[in-house]
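Laboratory data are not the source of any read-out in this text; all were calculated from the coordinates shown. Here the structure is a predicted model, which means the values were calculated and not measured. Because the Cβ atoms are built from the backbone with ideal geometry, glycine has one as well, and the counts that use them run over all protein chains shown.
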Amino acid sequence: EDTDISQREKGKYILIRDAEDYQPGLYDKPLPCFGCGIGWFSFLLGFVFPLMWYYATILYFGNYYRKDIRERPGLAASAIAALVCSVVLVITVLVLIF
């Protein structure tokens, strides 16, 4: 016990758990869709198939990102892209009608 006290006084760190008892965390596994996540994959694919933005928007408002918080930025970007696409579509239709 004297060695523990002397090491603490010197400011040295002590390993609390065994290094071989490593458990992988939530963020150690790769995201789906080629590692970029469903949100960013939908965002990129939405430039070819805009319906993917709306799919990701439904996932965003359905709190899909609670399964893995890393999905949130991509899903939010897809939701914003869906909003911009909708506004452009409405303006285009209004210009064509009137």
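Quick one: if the Förster radius is 35 Å, what FRET efficiency do VAL95 and CYS36 give, using the C-beta to C-beta distance and rounding to 0.05?
Working: r = 35 Å, r/R0 = 1.01.
Computed FRET efficiency for VAL95 and CYS36: 0.50.
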In whole angstrom, largest first, the equivalent ellipsoid semi-axes that the Cα gyration tensor gives for the range 38-97 are 25, 11, 7
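If the chain between VAL87 and ARG72 were fully stretched, how many nm would it gain, using 0.36 nm times the residue separation less the Cα-Cα distance?
On the way: separation 15, 0.36 × 15 = 5.40 nm, distance 2.26 nm.
Fully extending the segment from VAL87 to ARG72 adds 3.1 nm.
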In whole Hz, the Karplus estimates of ³J(HN,Hα) for the range 29-35 (6.51, -1.76, 1.60; θ = phi - 60°; x where Gly or Pro) are 7, x, 6, x, 6, 6, x
